[in-house]
1. I'd like to know if region 123-131 contains one or more residues that are under 20 Å from residue 67 (Cβ atoms) and not acidic (Asp, Glu).
2. Looking at 100, 37, can you tell me which residue is crowded, with 20+ Cβ neighbours inside 10 Å, in contact (Cβ under 8 Å) with a residue 40 or more places away in the chain and within 22 Å of residue 149 (Cα to Cα)?
3. If the requirement is being touching a strand residue (DSSP E or B) at 6+ places or on another chain (Cβ under 9 Å), among the aliphatic types (A, V, I, L, M), more than 19 Å from residue 49 (Cβ to Cβ) and outside any strand (DSSP E or B), which of these qualifies: 150, 138?
Amino acid sequence: MSEHSRGTKLVLPVDEARDHIRGPAEAAVTLVEYGDFQCPHCGQAHLVLNELLARFDQDVRLVFRHFPLTQIHPDAQRAAEASEAAGAQGRFWEMHDALFENQDALDLESIAEYAQEIGLDMIEFARDLAAGVYTERVREDFLSGVRSGVNGTPTFFINGNRHDGPWDLASMTAAIESKIAPAHHQR
């Protein structure tokens, strides 16, 4: 990532009513990911994030926002909309995980199988996807990413500041730990 992007701030603040959040509201660290369900790097980051959430279960909350790179990932938009349709039924994170765990099969038929496996109302799910109910919601995430300086996936923000370092487990652990210690001293 370019040097001029250092210090970039998250433009759209995390909103409990709008965002998909995994982890406690009072966590010391809020980790926002702009991701693409078809991006292989995001698939690798998914594994790292799961480990981080397990390791820092009370200190980190994860927010996922969509940044589908449709020119190189033709199924990313459909997958993003499917996750939102699942979210409308209270199953965003289940669909999120299924999509990342099955990145090589994001066609409509496969996505419908994941929806069925996680117990969605299939009529509502199919209707929402066919009508493009969540197209604008995905676009809002994408545009908020652009305004925040996101130009690829995955891109992370830690407590509102862009993380321009590596996103392997050791690097992300160090970045998170550097934010947790000061937060605990303020409590």
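1. For region 123-131, residues under 20 Å from residue 67 (Cβ atoms) and not acidic (Asp, Glu): present.
2. 37
3. So the residue among 150, 138 that is touching a strand residue (DSSP E or B) at 6+ places or on another chain (Cβ under 9 Å), among the aliphatic types (A, V, I, L, M), more than 19 Å from residue 49 (Cβ to Cβ) and outside any strand (DSSP E or B) is 138.
Values quoted throughout were computed directly from the atomic coordinates according to the rules given, and no laboratory measurement underlies them. Everything numeric in this text was worked out from a predicted model, so none of it was measured. With ideal geometry, Cβ positions are generated from the backbone for all residues, glycine too; neighbour counts draw on all protein chains shown.
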